[in-house]
Each structure stands twice: as C-alpha cells, then as structure tokens.
Amino acid sequence: MQMKRDISFLYLEDGSVYRGWSFFNTFRSTGEVVFNTGMTGYQEIITDPSYYNQILLFTYPEIGNTGVNLTDIESDRSCIKGLICKNICIQSSNWRSKSSLVSYLIQYRIPHIFGVDTRYITKIIRSKGAMIGCISSQRLISIELLSIIRSFKSSYLSRMVNDITTRRNYQWSPDLPTLSTYIFDKKKQLPVNPLKVVVIDYGVKFNILNRLFSHGCSVQVVSFDTSYEKIIALKPDGILLSNGPGDPASIEKQKISIIQKLISLNIPVFGICLGHQLLSLAAGTNTYKLSFGHRGLNHPSGLHDTVKVTSQNHGYVIYNTQGSNSLLQVSGYNLNDGTISIVAHKIKPAFSVQYHPEASPGSHDSDFLFEHFIKVMTLCKLMTS
C-alpha cells in the first residue's frame with residue numbers, strides 16, 4: 001500500500017539534524033526527547049499523561065503492527081509532543097484493531113517522523129542525556145531553533161500537572177472493556193460495601209483506576225489541587241497518589257504539605273511513579289533527574305533474591321532515604337542501576353513504587369501490590385470500626 005509521505009526534520013539541541021518522513025505536513029512541535037525500549041504498547045504510551053511535553057522515540061524498529069483499538073488508552077487524549085520511529089506499519093493486523101496507527105496519527109495530528117536511524121539517536125541520548133528537540137515539516141535555521149528551544153525550556157516544567165489533571169472530580173466507572181478484561185477477572189459490579197479509594201490525579205492512567213475497580217473498590221478521582229479538608233470529607237478508606245509528568249520538586253510545597261497531613265493519619269496511602277516521588281518528598285527525602293530516565297517494559301526491580309520484571313516510565317528518582325529526617329525504608333531497587341524503586345513508611349500505612357504495577361503495557365509481576373493495598377485498607381478499616 002502506498003501512502004503519501006512528506007519530508008520532515010528532527011532537530012536536537014546539540015545541533016544535530018535528522019531528515020525523515022511524515023504522513024502529513026505543516027507542523028512543528030517541541031519537547032524533551034526521550035526513548036522507550038518497549039516492543040509493544042505504543043497506544044498506551046502515546047496516551048499516557050506521564051509523557052506530557054515529551055517527544056517519544058521508540059527503540060523497537062517497527063511499531064503499528066497491531067493497529068489501534070478503542071480500549072487500550074490511558075487517557076482521553078494524545079499526551080506526547082511527537083513520535084520518532086524507524087518504521088511505522090501501514091497495514092495493521094489484529095482482531096481488536098479498529099484502525100491503523102498511521103490513520104490515528106493523521107486523525108489526531110500527532111507530529112511524527114520516521115525513516116531515521118533510531119538506534120543512532122538513542123545512543124546519542126544515552127551518552128549526552130535527554131535533550132530538547134523539535135520535529136518540523138520545514139527547515140529551521142540555527143537562530144530560529146535556538147529561540148524555540150529557549151522558549152520551551154523556560155516554561156516546560158511549570159504547570160505540567162496543572163495542564164494534565166482532571167478539571168472536575170468524578171466517580172470512576174469504566175463503560176468500555178479494557179485490556180484488563182482479557183487478562184484479569186474483572187468485577188462488573190461493586191460489592192455492597194466497597195472500599196472507597198480517593199485517587200489524587202497528577203496525570204492518572206485509566207488502567208490504574210481499572211485495577212482498583214476490578215478489586216472491588218469505589219474509586220473517586222480528584223484534582224491534584226483539591227484541599228486536605230475536601231479529601232478527608234470524602235471519608236476514604238485509602239488514598240492513591242497517581243503517576244504524572246514533570247519534576248516532582250516543581251510541585252508547590254502546599255501540595256506536599258497536604259500529602260504530609262494525609263500520611264499522618266492512619267489511612268493507607270499508595271504512591272505510583274510521580275506519586276511515589278511526592279510521597280517520598282513528604283517523608284523527608286530528595287529527588288534528582290536521571291540522565292536519560294527509565295522507560296520500558298522489562299526493568300528488573302527487587303531486593304536480595306526477589307526480582308520482579310516491571311514497566312517503568314520516569315525521568316526522576318528519589319535518594320537520601322537514610323537521612324535523619326527520612327521516615328522511609330527501602331523495600332526494592334532498580335537492579336539495572338541501583339536507584340530506589342520501592343519504599344514503605346516506617347510508622348504509617350503508606351508505601352510507594354517508582355514503576356507501574358498496573359502494567360499497561362508491561363509485565364504483570366507487580367499486580368499483587370494492588371492486592372496488598374486492599375489488604376492494608378481492609379485491616380485499617382477493621383481496626384478503626
């Protein structure tokens with residue numbers, strides 16, 4: 001099948017330029033260029049709010065083989081600023097496919113470039129670190145590119161969570177089946193007295209909500225700027241701090257203080273990804289940015305002789321858990337580079353993970369963490385009743 005192709009360009013802030021193709025013209029998009037090593041899951045990744053303001057490079061040489069369906073989405077929008085691929089499959093083949101990835105990119109006007117050497121670009125990012133880049137359908141001169149990058153750098157970390165969080169609080173009830181329908185025994189109705197989980201939305205993925213729902217929880221999603229008083233007024237049995245984009249240190253101290261107050265109660269708190277970093281900041285640790293981050297589906301995580309294969313997507317990690325002010329103990333590490341991946345509060349029923357236990361996409365080794373969260377909530381509820 002022949003498709004119309006237009007010349008496009010990828011510019012990196014180190015001055016390098018790469019020429020490729022796109023399936024539509026007249027676009028320009030700027031973002032932080034990062035790479036993901038997953039062989040599949042491109043639809044979930046494209047709609048993952050944690051990738052907000054990022055241009056995503058897939059290291060796998062061809063994506064789009066299974067097309068796009070109506071269920072494997074993690075939000076109601078495309079969250080990435082652009083896509084970089086070696087090859088994009090034109091004709092998809094999968095029983096759940098509703099359209100091709102090419103049609104999806106054209107329909108939602110997602111900036112993209114293909115036909116470039118993604119292996120070479122990945123090696124550049126690994127050696128120089130993640131950098132700002134620009135995908136454009138037109139040639140850019142050096143002065144123009146410098147201005148674009150400076151403008152983006154001055155604003156891209158600010159208000160990222162503000163932009164991606166929910167605009168209204170809502171009760172989660174999935175109307176459509178999701179990937180978990182075919183893998184897990186999903187409950188269709190809530191029990192008579194379900195555990196109530198309040199999810200603070202920093203950029204939550206739909207499958208996190210689905211996993212809580214499938215375990216029989218009533219799930220209330222609230223904006224990240226919801227006050228402590230309003231959260232407590234919902235009378236939660238547990239609180240989940242969701243994933244999300246950006247630098248955790250850029251979150252206002254007032255929001256961190258709310259997490260501190262929540263942790264001080266005997267209500268179980270579960271943090272995922274950005275939520276893990278924010279819980280850790282509230283408990284007295286620090287964070288720093290990785291050179292090129294962890295983004296893929298097969299990162300080993302564990303402690304001693306226990307190893308789980310995990311799905312990860314983050315550019316920041318925590319450290320200094322042994323500091324005098326820290327209330328956390330480490331329960332797991334990323335076994336590739338030794339960074340902290342699991343922590344638990346020493347006193348309160350709070351814990352968090354740097355990876356994605358809902359595994360969408362990814363392995364399901366860590367789905368037990370939702371079961372653990374349920375057990376802790378149940379126990380705490382019995383103790384206070």
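No lab work stands behind these numbers, since they all come straight from the coordinates. Treat the numbers as computed from the prediction; the structure is a model and nothing was measured. Cβ placement follows ideal geometry from the backbone for every residue including glycine, while neighbour counts extend to all protein chains displayed.
What's the extension gain from Asp117 to Tyr170 if we count 0.36 nm per residue and subtract their Cα-Cα distance?
14.7 nm
Once fully extended, how much extra length lies between Met39 and Arg5, figured as 0.36 nm per residue of separation less the alpha-carbon to alpha-carbon distance?
Gain on extension, Met39 to Arg5, equals 9.8 nm.
Run the numbers on the chain and let me know its relative contact order in percent, using alpha-carbon pairs under 8 Å that are six or more apart.
Values: 891 pairs, mean separation 53.6, N = 385.
Taking the mean separation of contacting Cα pairs over the length of the chain, I get 14 percent.
Give, to the nearest whole percent, the P(r) tail of the chain beyond 26 angstrom, counting all Cα pairs.
52
In nm, to one decimal, how far is the Ala249 label point from the Asn162 one, both placed 7 Å along Cα→Cβ?
A separation of 2.0 nm, rounded to one decimal place.
Taking every eigenvalue of the Cα gyration tensor of the range 6-153, multiplying by 5 and rooting it, what semi-axes result, largest first, whole Å?
25, 15, 15
Peptides 377-385, 244-252: what's the order by average Cβ count within 10 Å, highest mean first?
Top of the packing list down: 244-252, 377-385.
What does the net charge come to around Ser360 if you take all other residues with beta carbon closer than 10 Å to its beta carbon, with K and R at +1 and D and E at -1?
With Lys, Arg at +1 and Asp, Glu at -1, the neighbours total -3.
On a full-extension model of 0.36 nm per residue, what is the gain between Lys381 and Phe368, subtracting their alpha-carbon distance, rounded to one decimal in nm?
So the chain would gain 2.7 nm between Lys381 and Phe368.
Which percent, nearest 5, of DSSP beta bridges in the chain are antiparallel?
60
From the P(r) of the range 267-385, can you give the percent of Cα pairs sitting at distances over 20 Å?
The share of Cα pairs beyond 20 Å in the range 267-385 comes to 40 percent.
Could you check the simple spin-label distance between Gln260 and Arg77, using points 7 Å along Cα→Cβ, in nm with one decimal?
3.2
When the Cα atoms of the range 26-86 are enclosed in a convex hull and the volume is divided per residue, what value in Å³ results?
96
If you average the C-alpha positions of the range 266-323 and of the range 51-72 separately, how far apart do those two centres end up, in angstrom?
Using only Cα atoms, the two centres lie 24 Å from each other.
Going by alpha carbons, how many degrees (0 to 90, nearest 10) lie between the helix axis of 368-384 and the longest principal axis of the chain?
With both axes taken from Cα atoms, the answer is about 30 degrees.
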